[in-house]
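This report concerns only the one structure given below.
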Amino acid sequence: MDQTGQKRENWGSRIGFIMAAAGSAVGLGNIWRFPYLTGMNGGGAFILIYLFFVFVIGLSIMTAEFAVGRNSGKAAVGAYKSKNKNWTFAGVIGVLSGFLIMGFYPVVGGWAIAYIVKSLTGLTAAPEAIGDTFGAFITNPVEPLAWMALFLVLNVFIVAKGVAGGIEKAGKILMPTLLTILILIAIRGMTLEGAGAGLEFLFKPDFSKVTGATFLAALGQAFFSLSLGMGCMITYGSYLNKEENLPSNAFIVTAMDTGAALLAGLAIFPALFAFGIEPTSGPGLVFVVVPSIFAAMGGIGPVLSAFFFVALTVAALTSSVSLLEVVVAYLMDERNMARKKAVYISSTIMVIMCVLASLSLGAMSGVTFLGVGAFDFFDILTDKIFLAIGGLLLCVFTGWFVNKEDLRKELTNNGTVSFGLFEIWYNLVKYVIPVAIAIVAVAGIMSITQ
Ligand code: PHE
């Protein structure tokens, strides 16, 4: 029972939870963002740093978020508050991050939906022309807004229906579809002539281009991709059964997320090099490379391209519903709002932010906040600053303000399952990770502002 006297909703099954948490993690972060960041940060070296951060910092934080969430049985803010009132702000920062990410995420989600249709109606041209089409599309003042609105409406529909009913069903059916399509694209890409250079770019690290900014980009991407540092996994953990093994769930989700990102890399880079597209092209990468692969294929190519964007849309949806859920859970748990009302109020504000973000790429490109447009502003603010701060705060909170034995009990289900790495995990969370995040953040910001 929670404070409103209602029974807290629970995940229907273990596989349902993993699919939903992996659904939150696997999204535009893996398939849209990871490839273009890799391209802009020099390839293999960035990937190695990223993998290190994912498995040392990310996995530890995800384990901590699950533990704090299930232990308190509360969403982000409530979880902090129930243990220590002074920490309420850390939860609020998380909710705010979720809010800000929802200020640009649905814009890209809208692009994905648009490309389902565009794949079928005339992207059968050379890669350069496909690139021009993308540029014209995202800078159009009206069209992307309509797609973004459609994407948000889908979110509202799923989240308004509640935890087990909506999110879980969507994740269970649609995640496997996405992985299958990515594998098919990767195989196709790797068999194109000239694809070898792409594999080399991905797997032969060149450390000469690595700077403090590379480390910060890799760390931010690890948080963003794993849905960490903002209370999302705390909220999901709070819906988790007492019998579930938290460290193993965290590992499975992290491995699936990383697998999906690497698969996206394999789907994009071999083809990109085969077509002679620049790896540094930026946010348009997937929207240009994937249609190009399929256009070159002819025949049923356009249909397969449409399928890819259906899968991308779904991946984006299972992530964005988790972002919306963080905000909604806060309004329900802390403000005693009914679910539907919470969903409508928060999504209304998100629409406004998204309109600004979308227009900042075209009609309003002259309007800037601290030197960047609204889209980049929401993006940089969340992934380079808020999520890292959120992760750092969560570690300090878990390490210094939660009883160690409570954590041990939570992570071993009262001693009924073993977690041999407990001491290592605990020391990482308490000492190593907060210091590491602080160093990476400072070095990164210094190298960006130089
Ligand atoms: N992890 C999601 C993605 O990779 C984005 C996300 C970030 C979702 C933070 C929830 C919380 O697309």
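The values are calculated or read from the model by the stated rules, or taken from the named source; none is laboratory data. Only a predicted model underlies this, so the values are computations on that prediction, with no experimental measurement involved. Neighbour counts run over all protein chains shown; Cβ positions are idealised from the backbone, glycine included.
Within the range 290-338, which residues are under 23 Å from Gly78 (Cα atoms) and within 16 Å of the ligand (Cβ to nearest atom)? Ser319, Ser320, Val321, Ser322, Leu323, Leu324, Glu325, Val326, Val327, Val328, Ala329, Tyr330, listed by residue number.
In the range 221-241, of all residues being in a loop (DSSP other than H, G, I, E, B) and under 20 Å from Trp425 (Cβ atoms), the one that is farthest from the ligand (Cβ to nearest atom) corresponds to Leu240. Residues in the range 314-370 that are of a type in the set (Val, Ile, Thr), surrounded by fewer than 14 Cβ atoms within 10 Å (Cβ to Cβ), free of Cβ contacts under 8 Å to residues at least 24 places away in the same chain and within 30 Å of Met175 (Cβ to Cβ): Thr348 alone.
Against the criterion of being surrounded by fewer than 17 Cβ atoms within 10 Å (Cβ to Cβ) and either hydrophobic (A, V, I, L, M, F, W, C) or within 16 Å of the ligand (Cβ to nearest atom) (or both), Phe203 qualifies.
Between Val429, Val440, Val417, Val396, the distinction of being part of a loop (DSSP other than H, G, I, E, B), surrounded by 13 or more Cβ atoms within 10 Å (Cβ to Cβ), β-branched (Val, Ile, Thr) and modelled with pLDDT of 90 or more belongs to Val417 only.
Given the condition hydrophobic (A, V, I, L, M, F, W, C), farther than 30 Å from Thr211 by Cβ and within 16 Å of the ligand (Cβ to nearest atom), answer yes or no: does some residue in the range 394-412 qualify? No; the residues of the range 394-412 include none that is hydrophobic (A, V, I, L, M, F, W, C), farther than 30 Å from Thr211 by Cβ and within 16 Å of the ligand (Cβ to nearest atom). The requirement of being more than 24 Å from Ala114 (Cβ to Cβ), more than 23 Å from the chain's Cα centre (by Cα) and not in a loop (DSSP other than H, G, I, E, B) is fulfilled nowhere in the range 321-329; no residue meets it. Residues satisfying the criterion are present in the range 175-196 (criterion: modelled with pLDDT of 85 or more and on the phi > 0 side of the Ramachandran plot). Could you tell me which of the residues Ala136, Ala112 is away from the ligand (no atom under 16 Å from the Cβ) and among the hydrophobic types (A, V, I, L, M, F, W, C)? Among Ala136, Ala112, only Ala136 is away from the ligand (no atom under 16 Å from the Cβ) and among the hydrophobic types (A, V, I, L, M, F, W, C). Just one of the listed residues (Tyr115, Tyr80) is farther than 23 Å from Asp383 by Cα and either among the hydrophobic types (A, V, I, L, M, F, W, C) or part of a helix (DSSP H, G or I) (or both), namely Tyr115. Summed over the range 90-113, the residues that are more than 14 Å from Leu387 (Cβ to Cβ) and surrounded by fewer than 24 Cβ atoms within 10 Å (Cβ to Cβ) give a count of 2. Of note, Val314 satisfies the criterion of being within 30 Å of Met190 (Cβ to Cβ) and in a helix (DSSP H, G or I).
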